[in-house]
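Notes for the one structure printed next.
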Amino acid sequence: MAGCSNSKQLIQNTKMKKRISISAVAFIAIAFSSLGIKAQTPKINLLIKKEILIDAGVEKAWQVLGPQFTDAYKWASTVSTSEGQGEKIGDIYSERVCTTPMGTLKEKVLEYSADNHLLSYSFEGMPKMVRFAKNTWQLISIDSNQTKLSLVMEIKIGGFMGKMMKPMMK
């Protein structure tokens, strides 16, 4: 009987070891996947869309958004200074440097169309977790005294802090 008891105990120990090793592997897999430790970690994309009605005609609104692109300090409360740099593109410079509470941001114009009342630019100088950020603004005439501003912001974040911050950035 003692041999039978030892066999049962050996089988139970083997089953327990298998459960522990399977549990350990599962735990490690979950832990590493939640930390984002993979061979290739995909970028996390955030897309923010907003529409605002402006009580002004499209041409008057465009003067602020387009030709006065470098004067963001005049209308953006978080911008204390702004200035144009780079090459001239029509009415504006190809870059804008803004001083904000987050520090100095450099914005590079990607697309500018006075005919379509469209401005698109990317950011440099964002926190390291932000891999890429782009704003696209477009004005659409509703009538002679009202304009719709369509804003689309695309943010690509990455790394551990990016994953941690994603829920707060929505």
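Selection over the stretch 109-142 of residues that are part of a loop (DSSP other than H, G, I, E, B), touching a Leu at 6+ places or on another chain (Cβ under 8 Å) and under 20 Å from LYS50 (Cα atoms) gives a count of 1.
Flag: GLN146 matches the condition of being of a type outside the set (A, V, I, L, M, F, W, C), open to solvent by 40 Å² or more (accessible area, probe 1.4 Å), over 20 Å from PHE69 (Cβ atoms) and modelled with pLDDT of 95 or more. Would you pick out the residues in the stretch 80-131 that are open to solvent by 30 Å² or more (accessible area, probe 1.4 Å) and touching a residue at least 40 places away in the same chain (Cβ under 8 Å)? Matches in the stretch 80-131: TYR112, ALA114, ARG131. Looking only at residues of the stretch 44-64 that are open to solvent by 60 Å² or more (accessible area, probe 1.4 Å) and not aliphatic (A, V, I, L, M), we find that the one that is farthest from SER144 (Cα to Cα) is ASN45.
GLN68 - would you say it is among the polar types (S, T, N, Q) and over 17 Å from TYR121 (Cβ atoms)? Criteria not met by GLN68.
Number of residues in the stretch 78-99 that are of a type outside the set (Val, Ile, Thr), under 20 Å from TRP62 (Cα atoms) and part of a loop (DSSP other than H, G, I, E, B) equals 2.
The values are calculated or read from the model by the stated rules, or taken from the named source; none is laboratory data. Quantities reported herein were computed from a predicted structural model and do not represent experimental measurements. Cβ sites come from the backbone with ideal geometry, for glycine too, and all protein chains shown count toward neighbours. Keep in mind that these areas ignore ligands, DNA and RNA; they rest on the heavy atoms of the full protein, side chains included. Shrake-Rupley method; radii C 1.70, N 1.55, O 1.52, S 1.80 Å.
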